[in-house]
Every structure is written in C-alpha cells, then in structure tokens.
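Q: Please find one structure pasted underneath; my questions will follow.
The values are calculated or read from the model by the stated rules, or taken from the named source; none is laboratory data. All values reported here derive from a predicted model rather than from experimental measurement. Using ideal geometry, Cβ is built from the backbone for each residue, glycine included, and neighbour counts are taken over all protein chains shown.
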Amino acid sequence: MSSGGLWLIIGAVSLAVFSLAVLATSLGAGVVGAILGLGGGILLVPILTVFYGVDLHYAMGASIISVIATSSGAAASYLRTGLSNLRIGLFLVVATISGALVGAVLAGVVPTRWLELILGLALSYSAYTTVRQLGDELPEGVSTDRLAIRFGLEGTYNDLRLGRHVTYRARNVAGGFVAMFGAGMLSGMLGIGSGAFKVLAMDYLMRLPMKVSTATSNFMIGLTAAASAGIYFSRGDIHVMIVAPVAIGVMAGAYVGTHLIAYMRNTTVRKLFLPIVVYLALSMILRGLGIHLL
Amino acid sequence: MSPSRASHTAVEHLVARVLLVGGLAGLALIALGMGLYAARGGFGHQVLALRREPGPPPPGVFTSMRQIARGLQQRPIDPLAVGALGLVALMLTPGLAVTLAIAGFLAARDVRHATIAAFVLAMLLVSLLLAGAVH
C-alpha cells in the first residue's frame, strides 16, 4: 500500500477493508454534508489524506465527486419538500460560477497569503455573527427587497419541527450576489470548497431560514462542483477505486441527512454549523501565516 | 394554488426527478462495477495505488471518455470502466438538471428564470471546454 498516512500504523490491510472503511466514513460525511449544505470535502479530504494515506490529488478528486453525490442525493429530496429554493439557487450560482472562473484566471497572479488572511478574518467575523444569531429560529419582519420581488426569490416550506408552513423572502439580494461572486472567486483561487460561504451569505446577508440556506446550498454546490469535475477527471485525479465507496457512502448518508434535518430546529442546524466556520476561519488565518494544516 | 405557483413546483419536481434518477443511475453503475470487480477477486489484491505517481495513470484512473469506452468494449469487460461510466453519469447529472430546468421554465413562460438557467448551463459548458483543453 501507499507510504504515509496513519493507515500504515494500523498495518497494511486488504482493499476490501479499505473500501469498507472509506464507505463508512463517507456515510457520516454525507449525513453532515446534507444537513449543513457542505459537500463533505471539508471532512473527507483531511480524513482520506491523514488517516488513509490517500494522495491529496486523489482525495480532492474524491471530494468533488462526493459534493455532486451529496447534492444529487440531498437536493432531489429538498426540492420536492420545498426546503431547497431552485430560483434562489440558480440566481446565486450565476455569481459563484462566474466568480470561480475569474478566480481561476487570477490564480497565480494575485498573492494568496494576504487573501487567506483577509478571508480568515472575514470568517472570524462571520463566526461572531453566527454566535449572535444562534438563538434566532426564523428571521423576523418582511423583506421588501426589490430584486427579491423582481426575481421571485421567495418560498414556502412545511417545517415539521415547528409544525407549520414557513413563508420567507430574501433580503439584501445585491449584497448576497456580490458575496457569492467573491466566494466563488476565492474558491477558484484558493481551491477551497465554498459550501460554507454560500450558507453564510444566505443565512446572514439574505436572512433566509437556516434550513433553507443549507438545503439551497446543497443544490448549488452540485452545480459548482460539476463545473470543475471535468478538470479533475481529465487531470487524472479521479480514481475509481477510491471514489466508488465515497460516492456510494455519501449518497446514502445524504439520504439519511435529509430525513434528519426535517425534524431539526433552524437553531440546531446553526449550532452544528458554527464549528465549521470556526475551523475554516482558523485554517485560513494559519494558511495566511504560512502554516498549512494539511 | 395560482398558475405561476403551480408551474413553480412543476419545475422543482422535474429538477428533483432528474437529480434522483441521474444520481441513482450513476450509483447503480458504480455498484455494478464494484460487484464485477469483487466477483473477479479484485478486492483480494493489495495493488491500490494511493499515491499519484508521474507516468501513465494506474488501473482505475480514466482521463477520457475514449479510455472508458475501450474498457467497456474489452472482453471480459473492465469492471473499473463500468464504475467510471457511473462516475461520469453522476458528474453530468447537475448539468442535465439545469438543461431540463430551462425547458421547464420555458414551458411555464418564465423567460427570466429560463435565461438565468441558460447562463448557468453555458458556464458549465465553458468549464467542460476548459477541461478538454487541460487534457
């Protein structure tokens, strides 16, 4: 087997054991990803590289597929139940994909360390605002945002936890759009997943219910991942034997996650999301200081 | 329910169905490939290359549709090519969902959202072309 990774400490094991272990790990990543609107890459890449000794390139290839699998598994269910908002998702994907393309062009031109530091500080502020909003179950008041009305960025879902239909409309659409463009650009330049930024922008800037934010992010990340999957594929970063158990596990996990979130409070989802923001903020600040966690 | 509201849910159900069917089709092919691989005793080997070495890609890494097609035409069939076909199906699913969303919005005479979806699809195609350029 490969060199490196804690896997060697456990000892060389058969491919069957490796696949089952990755399958179980991915199942967990799928559950978390579906609930928090992340592709699971933030969890899978470190686990695959550090614990299983998988090459970073293969781990990132597996992560891209896991994002698409989570998105397909979760968004299909969320769109049917109204938790994922197709119009808001498509509207914002325009910003993230354009941003990602601009970011890919700028990569290598702009020094990334300063960007990482700034992003880390911005995320620290987001963590602070998330803490302040922890107790808010649903946004209060009615949005009169012109763009939201013009583009129909509103919706209704049946909240099984609250036992009633929740109607909402996006606020600060222009701000959300700009933030999404920035998130896409940074993810294109720094090679980091942007699921967390999407959730933050929808929750904090556009004031959508937290569950709508994570569910809509689930739909969006599938599209942004599909945009870069071809590049990973043709670069030879997608290894069938590594990706297969990831895809199967993540999709099954996402299915479980969609059922769990239906009975969760918005505040619970936000509490689960907070550690992700703190981790991202810390890792970006450390990267800016020249310390890579991976 | 107003007509616009009804068409709203119709498009969402259509996209949901494409994501589900595409995802499950990809998953079925991946599972089939892994099943065939297991039947050949593949999982008993310890030859999985977890490192990405320079040189020709190891078995299990496909970099073009042509390579996958070659594996599918082999007799006995290459189980890893079947799995790779499933992965490609999974990768194409979001794009297919957006394509049908355009049709759904147009059917509901919602030109604004059809245009937005068309822009997203165009961006996906641009990135696919960039991927081709990398290869």
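Q: Is it true that A:S71 is assigned to a helix (DSSP H, G or I) and of a type outside the set (A, V, I, L, M, F, W, C)?
A: yes
Q: Which condition number does B:A81 fail, the rest of (1) facing another protein chain (nearest Cβ under 10 Å); (2) modelled with pLDDT of 90 or more; (3) closer than 30 Å to A:F181 by Cβ being met?
A: The number of the failed condition is (3).
Q: Further, regarding this structure: If B:G55 satisfies all but one of (1) on the phi < 0 side of the Ramachandran plot; (2) at pLDDT below 80, what's the number of the condition it fails?
A: (1)
Q: Given region A:85-204, what helices (runs of 4 or more DSSP H) lie entirely inside it while holding 3 or more residues that are surrounded by fewer than 20 Cβ atoms within 10 Å (Cβ to Cβ) and of a type outside the set (K, R)?
A: It comes to A:86-106, A:112-132, A:173-190.
Q: Of A:I242, A:I276, A:I221, A:I261, which residue is surrounded by 23 or more Cβ atoms within 10 Å (Cβ to Cβ), away from every other protein chain (no Cβ under 14 Å), touching a residue at least 12 places away in the same chain (Cβ under 8 Å) and part of a helix (DSSP H, G or I)?
A: Result: A:I261 is the single residue among A:I242, A:I276, A:I221, A:I261 that is surrounded by 23 or more Cβ atoms within 10 Å (Cβ to Cβ), away from every other protein chain (no Cβ under 14 Å), touching a residue at least 12 places away in the same chain (Cβ under 8 Å) and part of a helix (DSSP H, G or I).
Q: Still on this structure, I have one more. Taking A:A16, is it modelled with pLDDT under 85, outside any helix (DSSP H, G or I) and within 13 Å of chain B (Cβ to nearest Cβ)?
A: Spelling it out, it is not the case that A:A16 is modelled with pLDDT under 85, outside any helix (DSSP H, G or I) and within 13 Å of chain B (Cβ to nearest Cβ).
Q: Return yes when B:L72 is farther than 30 Å from A:L79 by Cβ, modelled with pLDDT of 90 or more, in contact with a helix residue (DSSP H, G or I) (Cβ under 7 Å, 6 or more places away or on another chain) and assigned to a helix (DSSP H, G or I) and no when it is not.
A: yes
Q: Looking at the structure I just gave you, is A:A252 under 18 Å from A:A74 (Cα atoms) and small (G, A, S)?
A: In short, yes.
Q: For region B:109-120, indicate whether the set of residues that are touching a Pro at 6+ places or on another chain (Cβ under 6 Å), at pLDDT 80 or above and surrounded by 16 or more Cβ atoms within 10 Å (Cβ to Cβ) is non-empty.
A: Looking through region B:109-120, none of the residues is touching a Pro at 6+ places or on another chain (Cβ under 6 Å), at pLDDT 80 or above and surrounded by 16 or more Cβ atoms within 10 Å (Cβ to Cβ).
Q: Could you say whether any residue in region B:54-65 is surrounded by 14 or more Cβ atoms within 10 Å (Cβ to Cβ), among the β-branched types (V, I, T), in contact with a helix residue (DSSP H, G or I) (Cβ under 6 Å, 6 or more places away or on another chain) and not in a loop (DSSP other than H, G, I, E, B)?
A: So far as region B:54-65 goes, no, none of its residues is surrounded by 14 or more Cβ atoms within 10 Å (Cβ to Cβ), among the β-branched types (V, I, T), in contact with a helix residue (DSSP H, G or I) (Cβ under 6 Å, 6 or more places away or on another chain) and not in a loop (DSSP other than H, G, I, E, B).
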